[in-house]
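Asks: Please read through the structure below; I'll follow up with questions.
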Amino acid sequence: MLKFVEYLNEGTSVDDEMLGHLTHTKDLPHEAPQHGHTAIDLIHNFHKMRQGQSSNVGASLKTDGGASVHVMHDAKGVGVSDKHRIARGVVARTPEEVDKHFGHQPQYAASLKHLLAHGHEFVGKGHHVQGDLMHTPGDPQSSHSKGTTTTTPNRITYKAKTSAPVGFAAHTEVTKGVAHAPTKGALKKSKNVFVPEPNYKPEPSTYSAADREKVEHHLGKARELMSAHSTHHLTPEHIDPKKGGHFTTYLNRTTRRGETASVEGYKAHLKSEGEKAAGKLKTAAGQEKTRAKFAGHIAHVDQNKEHFQRSLDIRHHLGQATEHVLKGVSHPDMETSIDGKKSQGEGIVLQKKDKAGKMRPVSKLVPVKVSNAILNNPRFA
C-alpha cells in the first residue's frame, strides 16, 4: 500500500505499495508534518462526499479481513500470492506450487487453493487484485446457515447473506507495481466467491445534522491550531520508525490502552523506554550512554512542550472529526459486530488521484473503538 508521503512525492516503490500500512488520517500531521494541512482537507472532502456534494477524494469501505492475498488472472492463467511473497516475485499457479510455498501453513494453503480454483470466476482477465481472505471451506472462523455466512477473519465479525463457499474482500488493483482502486472489469460476480462491495456510496440521509456540525467544529479547531503550528519539534527520533519513532509508538499505545495522550505521559513513556533499552545492555558505559540519549529526548520535549501539546490537540480534533464523519457509515453487504455486540465497520480508505489519473489509497479513517479492539485482539495477546 502506498505510504502517504510517497504518494505526495509520486513515489512508486513496489515494496512500500504492497507491504506498507496506511496511516490514520488523524496521524498525518505528526507522521508527515510538512503535509499536516492535507489531513484536514481529506476529512473535509469526505465530509462533503457524505452529504452528496462534489469532492476531490475517493473512498472505499475498509474490511477487517484475514490474510492479505493477491490474485491475478493473466495470459498464464490464475496465480495467487500474499503480501510478503509477492514482493519477491513468488506466485503460485498450481496446487503443487501452493504447497511448495505455503504448505507449512496447511489451513492457509488450503484457502489459497480455493482462491486459485475460483480466481478466473471473480478476477477479470488481464487484472491483478489484492484483498483479504474472508472465508473458505473448512476454515475454523466461519459458519454457514440458511443462506447466511458468518465469519470472524480477524477482530470484526461479518454476517452476510451469501452461500458462496469463498469470501474475498477486494481492496486494490495492482498495475505494474502500483496499487490503485479497482478499475472496470477487474472484479466479476461469481456464485462461488462472495466479494463485498468495495466502494463507498454516499447516503446523505444517514449523516445527521449534529454529526455534520461536530465535524465542522473540530476541523475548524484543527485549522486554528495548524495556522500557528511549527513542526521543528518533530525530529526523526520522535516520528521516524527507523530512528526510534517514540512519539508514534506512544500514541499507538494510548489507543491500545484507551488512554488520553499527554505531554507528561509521553515523557514518562520515554523514561520507561530508556530504562528498558539500558537494561538490555551488559556494560555500565553502554547503559549510561543509552540513559543519556533518552534524557536528551525528554529534554527536547521539555524545551518544546507547547509544540508537542499542540500536536496532541490537533490529533484530538482530527480524531473527533473522524468519529463523527464515520457515524452512520455501514457496509451495504454485511452486518458487523465485535464480541457479539453490534459495532461499526473498520471505516474508510481515502483515495486521491495521482499524476496518471489513478485513484490511490493514501490514508484511513477508523473509529477509535474499532482500532482499540483490533489492537487488543485476544488472538495475539
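Readers should treat all values here as calculations from the given coordinates under stated rules, not as data from a laboratory. Since the structure is predicted, the reported quantities are computational estimates derived from the model, not experimental observations. Ideal geometry is used to build each Cβ from the backbone, glycine not excepted, and the neighbour counts take in all protein chains shown.
Asks: Among the numbered criteria (1) free of Cβ contacts under 8 Å to residues at least 40 places away in the same chain; (2) in contact with a helix residue (DSSP H, G or I) (Cβ under 6 Å, 6 or more places away or on another chain), which single criterion is violated by Glu273?
Replies: Unmet condition: (2).
Asks: Tally time: how many residues in the range 201-224 are part of a helix (DSSP H, G or I), out of contact with any Leu (no Cβ under 9 Å at 6 or more places or on another chain) and surrounded by 21 or more Cβ atoms within 10 Å (Cβ to Cβ)?
Replies: Of the residues in the range 201-224, 1 are part of a helix (DSSP H, G or I), out of contact with any Leu (no Cβ under 9 Å at 6 or more places or on another chain) and surrounded by 21 or more Cβ atoms within 10 Å (Cβ to Cβ).
Asks: Another one. So, in the range 136-173, of the ones that are on the phi < 0 side of the Ramachandran plot and among the charged types (D, E, K, R), which residue ends up surrounded by the fewest Cβ atoms within 10 Å (Cβ to Cβ)?
Replies: If we take residues in the range 136-173 being on the phi < 0 side of the Ramachandran plot and among the charged types (D, E, K, R), then Lys161 is surrounded by the fewest Cβ atoms within 10 Å (Cβ to Cβ).
Quick grid of which residues meet (1) touching a helix residue (DSSP H, G or I) at 6+ places or on another chain (Cβ under 9 Å); (2) without any contact (Cβ under 8 Å) to a residue 24 or more places away in the chain; (3) in a helix (DSSP H, G or I); (4) closer than 20 Å to Lys176 by Cα:
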{"residue": "His73", "(1), (2), (3), (4)": "yes, no, no, yes"}
{"residue": "His84", "(1), (2), (3), (4)": "yes, no, no, yes"}
{"residue": "Glu96", "(1), (2), (3), (4)": "no, yes, yes, no"}
{"residue": "Gly119", "(1), (2), (3), (4)": "no, no, yes, yes"}
{"residue": "Leu133", "(1), (2), (3), (4)": "yes, no, no, no"}
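Asks: Filter the helices (runs of 4 or more DSSP H) completely within the range 236-344 down to those with at least 1 residues that are under 27 Å from Ala59 (Cβ atoms).
Replies: Fully inside the range 236-344 and qualifying: 236-239, 246-257, 305-325.
Asks: Hey, any hits in the range 73-95 for a residue that's under 15 Å from the mean Cα position of the chain (by Cα) and closer than 19 Å to Phe168 by Cα?
Replies: Pass one, the range 73-95, residues under 15 Å from the mean Cα position of the chain (by Cα): 83.
With closer than 19 Å to Phe168 by Cα added as a condition, the list becomes 83.
Within the range 73-95 (the criterion being under 15 Å from the mean Cα position of the chain (by Cα) and closer than 19 Å to Phe168 by Cα), the answer is yes, since at least one residue qualifies.
Asks: Something else now. Among all residue pairs at least 6 apart or on different chains, which show Cβ distances below 8 Å where the first residue, located in the range 276-297, is among the β-branched types (Val, Ile, Thr) and the second is in a loop (DSSP other than H, G, I, E, B)?
Replies: From the range 276-297, the pairs are Thr290/Leu281.
Asks: Continuing with this model, one more query. Any idea which residue in the range 188-200 is surrounded by the most Cβ atoms within 10 Å (Cβ to Cβ), counting only those that are in contact with a strand residue (DSSP E or B) (Cβ under 6 Å, 6 or more places away or on another chain) and either over 18 Å from Thr150 (Cα atoms) or among the aromatic types (Phe, Trp, Tyr) (or both)?
Replies: So, considering only residues that are in contact with a strand residue (DSSP E or B) (Cβ under 6 Å, 6 or more places away or on another chain) and either over 18 Å from Thr150 (Cα atoms) or among the aromatic types (Phe, Trp, Tyr) (or both), the one surrounded by the most Cβ atoms within 10 Å (Cβ to Cβ) is Phe194.
Asks: All but one of (1) assigned to a strand (DSSP E or B); (2) under 18 Å from Val69 (Cα atoms); (3) free of Cβ contacts under 8 Å to residues at least 40 places away in the same chain hold for Asp139; which doesn't?
Replies: Against the list (1) assigned to a strand (DSSP E or B); (2) under 18 Å from Val69 (Cα atoms); (3) free of Cβ contacts under 8 Å to residues at least 40 places away in the same chain, Asp139 comes up short only on (1).
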